[in-house]
Amino acid sequence: MKHAGIVKKSDFITWLASREAVITSERLIRRHKELVSSVSAMEVRNVKETVFPGFGTLFSYRWEDRRWIIEDIPVTAKKCTVLVHPCEATALNEVLDRVFMNGEHPERDYEKLRSSLELVTIACEEPESTCFCRMVGGDPFRRVPDTLFVVPLEDRLYVECEEPNVWELWKKCVKVPSEVEKEIAEKEKKSREALPDPPLSEEVPEQLYRLFEDEEWDNIAWKCLNCGACTYLCPTCYCFDIHADGRLKGYQLRSWDACMFPRFTLHASGHNPRPGYRERVRQRVLHKFSYFPMREEGRFGCVGCGACVEVCPVNWDIREAVQRMVKKSGAGYARSS
């Protein structure tokens, strides 16, 4: 059940300052610096850093008394309040959680860090030219489950949640006036209209899979440098590598990796099933728009945040790649609401 209220901006900032730790994404702080300027907040380039750090130590090992001694090194986690946009919250709730927490054996470190977060989702009132969340089933005003949804107003905030008792801030909230309800509806409509890309249809994942060997991949891939910047800034990319540091004594380390790198799929035999730009670019596109949704009940592995489009040094645009292949497949788009 949805609960809505109005809170003074000053009360929100005071509540935020009282939290044990505050983290905000780089994109959000560009737009809403006033909410965190007086708060000691850590800024991250990518929301996945909060639950899936780019580098970490899994365990230590040493050869002692003719046997291996292995000692776990679990992560330490403290309660964090994380301010993000709906696309970033969706990346955690609907993509990374599915990967690391589904099944009988959730990933230990991810689960511990994830359970320490409380998410505050700030509505995306003015989508950037690189944003395309609606294309992948998202919305700039999406209410992500288990988060506090916030729309900044002049000197106050409109807030929504499912469980008011969970949020101490709710004690400061008052009833939403009818004129504010109309203002929120207008803001929501305006933000959606700023995103021209229509939602992809349910047929897209299977139709793209059928184009695995299509020649169009050469035309799509030729400009890409395979630098990996897109994957490192993508909130839903989760590939990693594990390597040992030390021979008879050392640490097992984990670090981010990327399917765009030539050595990512290099076999010990010397064979590489993705030897060129074509294969690696195809993998990136198909994993997010075909393989992942076919495995995860239609949920695309992309949230349309546009970080990859924004950072690409050669202006390679994943939207254009998908649109070209969708057009060729004949899958089309869903009917916009």
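The single residue among GLU118, GLU168, GLU162, GLU154 that is at pLDDT 95 or above, of a type in the set (D, E, K, R) and more than 17 Å from GLU193 (Cα to Cα) turns out to be GLU118.
Can you pull out the residues in the range 160-213 that are surrounded by fewer than 11 Cβ atoms within 10 Å (Cβ to Cβ) and touching a strand residue (DSSP E or B) at 6+ places or on another chain (Cβ under 9 Å)? Hits for the range 160-213 are VAL174, LYS175, PRO177. Scanning the range 263-309 for residues that are hydroxyl-bearing (Ser, Thr, Tyr) and part of a helix (DSSP H, G or I) returns TYR277, SER290, TYR291. Taken over the range 280-319, the residue count meeting the criterion of being without any contact (Cβ under 8 Å) to a residue 24 or more places away in the chain and either aliphatic (A, V, I, L, M) or within 13 Å of ILE220 (Cβ to Cβ) (or both) is 1.
Listed here are the residues, each with its yes/no results for (1) over 14 Å from the mean Cα position of the chain (by Cα); (2) over 29 Å from ARG134 (Cβ atoms); (3) of a type in the set (Phe, Trp, Tyr).
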residue	(1), (2), (3)
PHE52	no, no, yes
TYR61	yes, yes, yes
ASP65	yes, yes, no
ASP72	yes, yes, no
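Consider the range 119-160 and keep the residues that are of a type in the set (Asp, Glu) and out of contact with any Phe, Trp or Tyr (no Cβ under 8 Å at 6 or more places or on another chain). The one that is farthest from VAL322 (Cα to Cα) is ASP155. Residues of the range 288-303 that are open to solvent by 10 Å² or more (accessible area, probe 1.4 Å) and small (Gly, Ala, Ser): GLY298 alone.
Residues of the range 214-228 that are part of a helix (DSSP H, G or I) and crowded, with 18+ Cβ neighbours inside 10 Å: TRP217, ILE220, ALA221. For the range 114-145, filtering for residues that are surrounded by fewer than 20 Cβ atoms within 10 Å (Cβ to Cβ) and farther than 25 Å from HIS3 by Cα leaves 3.
The values are calculated or read from the model by the stated rules, or taken from the named source; none is laboratory data. In this text the structure is predicted, and so the values were computed from the model without any measurement. Positions of Cβ are backbone-derived with ideal geometry, glycine not excepted, and every protein chain shown enters the neighbour counts. Just the protein is used for accessible areas: all its heavy atoms, side chains included, with ligands, DNA and RNA removed. Shrake-Rupley method; radii C 1.70, N 1.55, O 1.52, S 1.80 Å.
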